[in-house]
Amino acid sequence: SDHMENICGYLMKYTNLVTGWQYRYFVLNNDAGLLEYFVNEQSRHLKPRGTLQLAGAVISPSDEDSHTFTVNAASGEQYKLRATDAKERQHWVSRLQICTQHHTEAIGKNNPPLKSRSFSLASQGSANSPGVQRRPSQNAVSFFSVGHHRLPTGKRVPIMQPDHLVDVREMMSQAEGQQRDLIRSIECLPASGHLTSLDQDLLMLKATSMATMNCLNDCFHILQLQHASQQKGSLPAGTTISWLEPKISLANHFKNGAAQNFPAEVNKPASVREEQSIAEPCQLTREPEEINPDEELEDICDDKEDDLGAVEEQRSVILHLLSQLKLGMDLTRVVLPTFILEKRSLLEMYADFMSHPDLFIAITSGSSPEERMIRFVEYYLTSFHEGRKGAIAKKPYNPIIGETFHCSWRMPKSSVATDGTNSSAHSPSEQGTLPKDPDGQAEPDYYTVKFVAEQVSHHPPVSGFYAECVERNMCVNAHVWTKSKFLGMSIGVTMVGEGVLHLLEHGEEYTFSLPCAYARSILTVPWVELGGKVNINCAKTGYSASINFHTKPFYGGKLHRVTGEVKQNMTNTVVCRVQGEWNSVLEFTYSNGETKYVDLTKLSVTRKRVRPLEKQGPFESRRLWQHVTESLRDGDIDKATEHKRALEERQRNEERLRAETETPWCTKYFLKDGDGWVYHKPLWKTVSAAQTQQTDSN
């Protein structure tokens with residue numbers, strides 16, 4: 001109570017996508033448990049523009065930056081606020097949390113939890129709904145605060161599961177069963193006639209009932225975490241909390257439906273022991289593994305993505321999804337329907353950006369800094385067509401934290417461009433007798449490009465990837481944070497992060513970023529386009545490139561258009577211009593007047609080499625997602641959804657366990673470096689160490 005002070009001041013409030021952020025004057029009324037805001041300080045004596053009840057609210061600092069936080073009321077209303085700096089945010093957050101806790105506990109005292117454990121939704125008719133039988137004082141906020149019930153003074157907090165959580169779980173299990181029965185009844189209706197399964201009112205009923213159950217599951221999860229934190233410290237060493245489990249386990253989820261049997265590898269992978277041992281939560285070895293390229297075989301998997309076409313048969317799923325979304329809403333934690341998934345992980349998608357390794361290797365062969373920058377731009381622009389698998393609007397799997405992907409490419413030396421060539425129709429390189437390596441063995445007549453990617457963070461979702469060609473002394477290191485937002489009839493994905501290409505032979509580093517991606521027309525025929533401005537810079541040479549991915553205007557205009565230019569910063573001279581479509585034909589115009597056309601649809605694609613599934617580790621992408629992929633290939637969306645849900649539930653389980661045991665996640669191949677992530681054994685360190693050793697020996 002010493003910290004229960006009324007505070008006031010200006011904060012920025014996010015209104016909507018059109019209006020954006022606006023300054024508003026906020027007042028925290030501790031006595032009433034209210035957060036109010038006004039247009040400005042002068043209008044404080046007038047009626048507030050908005051008011052939030054703080055009892056049962058959740059105050060959450062945002063991971064977007066150090067200034068933003070959200071206030072989520074028990075009513076479902078949300079304020080997204082931004083302070084002037086991190087210190088002011090902490091001041092508001094701490095005061096709001098103290099006020100919220102005080103008023104939530106007060107309601108909990110006045111409204112003890114339900115005593116009966118025989119409450120059954122199935123036995124209640126429409127006239128005797130739970131809301132009708134509830135005491136007048138037991139409103140939505142008091143029901144939410146059931147987790148804050150206190151035992152009489154002098155009683156010890158029980159170690160076993162609280163009775164009222166058992167009550168809530170039983171009620172929710174019954175409600176979920178009835179909700180599933182409702183959906184089945186609607187879906188069993190005929191496709192035509194007086195009342196059909198596509199009736200708009202029935203679709204809305206399905207959407208709202210599902211959203212309600214999801215909200216209740218989230219609330220129940222919050223209650224579990226609150227009780228776990230209250231009892232933490234009172235548990236003997238080695239004791240496990242048996243009731244700390246997924247919001248609704250798969251077993252309970254299908255309690256009232258058909259039994260579902262999944263392979264043990266999905267539900268309990270052999271390599272994961274975190275759920276079985278709190279004492280050793282990081283039992284899974286995170287030591288880097290050296291992948292032998294000779295074990296990798298040319299990829300024979302050819303998962304061509306079928307066009308989604310009109311999505312009439314999935315309209316109910318999409319309407320359910322849209323019913324949960326608001327403009328500008330972050331989609332990071334939103335579960336998207338399975339039928340829109342590609343048959344590959346996001347980590348493998350990054351690898352597919354390297355499907356033209358001949359253009360990648362040829363960069364370092366440029367005879368001048370200007371030519372090397374132009375070659376990099378050419379490689380960069382040709383990578384998206386294969387990486388995106390065309391313009392089909394499907395989404396790769398969200399990688400699970402700790403997931404990795406390994407592959408390599410072999411490129412005949414004769415097919416890689418040599419000095420002084422700009423064309424991708426490459427001239428032969430060295431001919432004649434193959435050189436010998438230090439052991440006297442003939443060197444191979446191909447270059448090898450090795451690739452590794454790892455999901456280094458779950459919230460926020462960050463991926464790191466690294467590729468190198470040792471023979472050409474070049475490598476690229478990048479980290480990407482994917483931020484998805486709902487934009488109405490489209491979804492936007494921002495690729496936050498940076499990549500660096502190292503040409504060690506020339507001592508040059510090229511920094512670059514990635515464009516945004518948009519899934520358009522999600523209710524009709526979905527399609528993908530890229531948008532945004534990308535910059536490529538080389539500080540040593542002074543050359544830079546500016547590339548614009550143009551989104552299609554509302555009226556007229558071309559699809560997938562891209563323009564760019566390469567310039568010398570010191571003289572501000574443009575040495576190359578490029579225009580065209582990133583998934584079709586690109587036109588490069590050089591300062592000497594020459595023009596070159598690159599038809600991306602005719603560029604040869606080098607197949608990557610991947611280890612067979614039986615040789616892959618349990619957290620390598622293809623093995624991890626193999627059951628989801630197989631189900632998608634078979635067209636069994638329901639089965640794919642359940643396999644996907646099992647993986648995601650396990651990830652949430654393990655994340656919750658690490659939070660309870662305060663165990664940090666240990667990455668395998670990438671190390672945190674400032675705001676980014678760097679491969680643990682990059683080529684520039686290996687080469688530098690070898691040169692130092694050679695100098696010392698001389």
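The values are calculated or read from the model by the stated rules, or taken from the named source; none is laboratory data. Computed from a prediction, not measured in an experiment: that's the story for all the values here. A quick note on method: Cβ atoms are made from the backbone with ideal geometry, for glycine too, and the neighbour counts reach across all protein chains shown. Surface areas here come from the heavy atoms of the whole protein model, side chains and all, with no ligands, DNA or RNA. Shrake-Rupley method; radii C 1.70, N 1.55, O 1.52, S 1.80 Å.
Values computed for the structure shown
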read-out: Counted residues, segment 186-197 - those being closer than 25 Å to ALA175 by Cα and open to solvent by less than 70 Å² (accessible area, probe 1.4 Å); value: 4
read-out: Every residue from segment 51-77 that is surrounded by 15 or more Cβ atoms within 10 Å (Cβ to Cβ) and over 24 Å from HIS458 (Cα atoms); value: THR51, LEU52, GLN53, LEU54, ALA55, GLY56, ALA57, ALA73, ALA74
read-out: Matching option when the condition is open to solvent by 50 Å² or more (accessible area, probe 1.4 Å), of a type outside the set (D, E, K, R), at pLDDT 55 or above and not assigned by the TED database to the domain that holds SER62, among MET329, MET354; value: MET329
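So that you can scan it fast, the table gives a plain yes or no per residue for (1) open to solvent by less than 20 Å² (accessible area, probe 1.4 Å); (2) over 25 Å from LEU341 (Cβ atoms); (3) touching an Asp or Glu at 6+ places or on another chain (Cβ under 9 Å); (4) outside the structural domain of LEU297 (by the TED database):
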{"residue": "GLN616", "(1), (2), (3), (4)": "yes, no, no, no"}
{"residue": "GLU620", "(1), (2), (3), (4)": "yes, no, yes, no"}
{"residue": "SER631", "(1), (2), (3), (4)": "yes, no, yes, yes"}
{"residue": "ASP634", "(1), (2), (3), (4)": "no, no, no, yes"}
{"residue": "HIS643", "(1), (2), (3), (4)": "yes, no, yes, yes"}
{"residue": "LYS672", "(1), (2), (3), (4)": "no, yes, no, no"}
